[in-house]
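S.K.: Provided herewith is a single structure, encoded as structure tokens, for subsequent inquiry.
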Amino acid sequence: MYADEVDMLNMALFGVTSKQWRIANPNAEGNLRDTANIEQLVISSNMESINSVLIHQGLKQSERLIQLNKVAITQMKSLLQHAGLKRLKYITTENRPNGQLLILFRKIKLTAYNTNCNY
């Protein structure tokens, strides 16, 4: 059951299952999520939460896949347009004992310098 949910989440976000990705990338180290960028990791975490709500609402997996794919597209567009994301630096992901994925970021201080000095 859990593997089916992970594959459904991968399909909604990446367009492939873990098995399909592994076949297409036989020499890659790690798994599909290990190759994800910051935006994909943020969306993946959000989708896990949303999927839980949709399950609680009684939606079938096929219906959840459609909804989660729409969420993934909307969130990716939003994240790619949001300048504040550039101030975050991805540090690491960590699988928690309860199965949740913890994504760690560090805020980067961006400093603008005024080069027009009038003495």
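The values are calculated or read from the model by the stated rules, or taken from the named source; none is laboratory data. Keep in mind that what you see is a predicted model, and the values were worked out from it rather than measured. Counting neighbours? That spans all protein chains shown, and the Cβs are built from the backbone with ideal geometry, glycine included.
S.K.: Among the numbered conditions (1) modelled with pLDDT under 85; (2) surrounded by 10 or more Cβ atoms within 10 Å (Cβ to Cβ), tell me where Ile55 comes up short.
M.R.: Every listed condition holds for Ile55 apart from (1).
S.K.: Select from segment 15-50 the residues that are surrounded by fewer than 12 Cβ atoms within 10 Å (Cβ to Cβ) and modelled with pLDDT under 90 and write down the one among them that is farthest from Leu68 (Cα to Cα).
M.R.: So the residue we want is Glu29.
S.K.: Here's a follow-up. Against the condition of a type outside the set (Ser, Thr, Tyr), closer than 23 Å to Val6 by Cα and at pLDDT 80 or above, how does Leu101 come out, does it pass?
M.R.: Details: of a type outside the set (Ser, Thr, Tyr): yes; closer than 23 Å to Val6 by Cα: yes; at pLDDT 80 or above: no.
When the stated conditions are applied, Leu101 does not pass them.
S.K.: Say we look at segment 12-34 and pick out the residues that are assigned to a loop (DSSP other than H, G, I, E, B) and either of a type in the set (Val, Ile, Thr) or touching a residue at least 40 places away in the same chain (Cβ under 8 Å) (or both); which of these is nearest to Gln75 (Cα to Cα)? First the steps, then the outcome.
M.R.: First, pick out the residues of segment 12-34 that are assigned to a loop (DSSP other than H, G, I, E, B): 15-17, 25-31.
Filter again for either of a type in the set (Val, Ile, Thr) or touching a residue at least 40 places away in the same chain (Cβ under 8 Å) (or both), leaving 16-17.
On the way: Val16: 18, Thr17: 20 Å.
For segment 12-34, the residue satisfying everything is Val16.
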